[in-house]
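The values are calculated or read from the model by the stated rules, or taken from the named source; none is laboratory data. This one's a predicted model, so the numbers in the text were calculated from it and none came from an experiment. As a convention, Cβ positions derive from the backbone with ideal geometry for all residues, glycine included, and neighbour counts pool all protein chains shown.
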Amino acid sequence: MTRRAALALAAALLVAACSPSSAGQRSAGGPGDPASRVRVAAAADLRYAMDELIARWTSTEPGIAVEPAYGSSGTFVAQISAGAPFDVFFSADAEYPRELERAGLAEPGSTRLYAIGRIVLWVAAASAIDVESGLAALADDAVDTVAIANPEHAPYGRAAVAALRSAGVYNAVAPKLVLGENVSQAAQFVESGNADAGLIALSLAAAPGLRDAGRYAVVPIDSYPSLEQGAVVLGSGARADAARTFLDFVLGPDGRTVLDRYGFLPPPP
């Protein structure tokens, strides 16, 4: 099996794992009353931050269980449009929640910004790539593969492409790109050795597991369109009330503390 075929197979398996109906959706436990459960669709860059947010939430609001699923924001839009039963959507691109509002699939006017995302150049700890030299390092002939999220539906993938263009190295790097279904999978390609470097979310590079496994340099934030991240409540009734309460928590001081630690910038006032 070729390297690219292996990556494609890994992508297919991880797409299945991130499906809301699969083991990729983890339950926080809690009461059996459906109104006491909040089903969260969260962008892949939130994976570690959201896990910590839910742990904090559970300690203060044990009566409402939160069940997260992680994946690319664009894929979640397609799933929600097809009837996936989520209660709140945390997107890496605020335009996606607004799109759901326009389609009548979310509370009108309810999109709320929760963060500004950032991207980094990330390599494994043992890599010889000089991340401090910036994206120009990726044009070197010694770099064979560069992982990014699929720009067709992942905001971090679009940001990565824009940053490469801004650095003037896109044409040199484009043949080396391997696409993850989402930014978390792009990070996994590098961590596993299936890619030499990756352009991933700072929130993932700063998480305990990856922080110890690699090195990174922050990509200048003015080299790609602002990653304004937004959340929106879906549906109505008791579930929507519980979802709104959880969203308020994430946007409150406890939530902000967690998001700051994972490198998310606060949204503009």
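Within the stretch 257-269, the set of residues being at pLDDT 95 or above and either of a type in the set (A, V, I, L, M) or more than 17 Å from the chain's Cα centre (by Cα) (or both) comprises THR257, VAL258, LEU259, LEU265. Scanning the stretch 255-269 for residues that are surrounded by 15 or more Cβ atoms within 10 Å (Cβ to Cβ) and in a helix (DSSP H, G or I) yields GLY255, ARG256, VAL258, LEU259. Among the residues of the stretch 143-172, those that are crowded, with 24+ Cβ neighbours inside 10 Å and assigned to a helix (DSSP H, G or I) comprise PRO155, TYR156, GLY157, ALA159, ALA160, ALA163, LEU164.
Say we look at the stretch 111-131 and pick out the residues that are surrounded by fewer than 21 Cβ atoms within 10 Å (Cβ to Cβ) and closer than 24 Å to ASP260 by Cβ; which of these is farthest from the chain's Cα centre (by Cα)? Restricting to residues being surrounded by fewer than 21 Cβ atoms within 10 Å (Cβ to Cβ) and closer than 24 Å to ASP260 by Cβ, the top hit is VAL131. Selection of the stretch 192-246 for residues being modelled with pLDDT under 95, assigned to a helix (DSSP H, G or I) and surrounded by fewer than 19 Cβ atoms within 10 Å (Cβ to Cβ) yields PRO208, GLY209, ARG211, ASP212, ALA213, GLY237, ALA238, ASP241, ARG244, THR245. Within the stretch 25-33, is there a residue that is modelled with pLDDT under 95 and at positive phi? Yes, that holds for at least one residue.
Just to be sure before I move on: is SER73 within 30 Å of VAL169 (Cα to Cα) and assigned by TED's automatic domain parsing to the domain that holds ASP254 in the structure I sent?
Yes: the conditions hold for SER73.
Hey, PRO97 hits all of (1) surrounded by 21 or more Cβ atoms within 10 Å (Cβ to Cβ); (2) closer than 21 Å to SER166 by Cα but one; which does it fall short on? Every condition holds for PRO97 apart from (2). For SER166, the conditions (1) within 20 Å of the chain's Cα centre (by Cα); (2) not assigned by TED's automatic domain parsing to the domain that holds TYR70 are fulfilled apart from (1).
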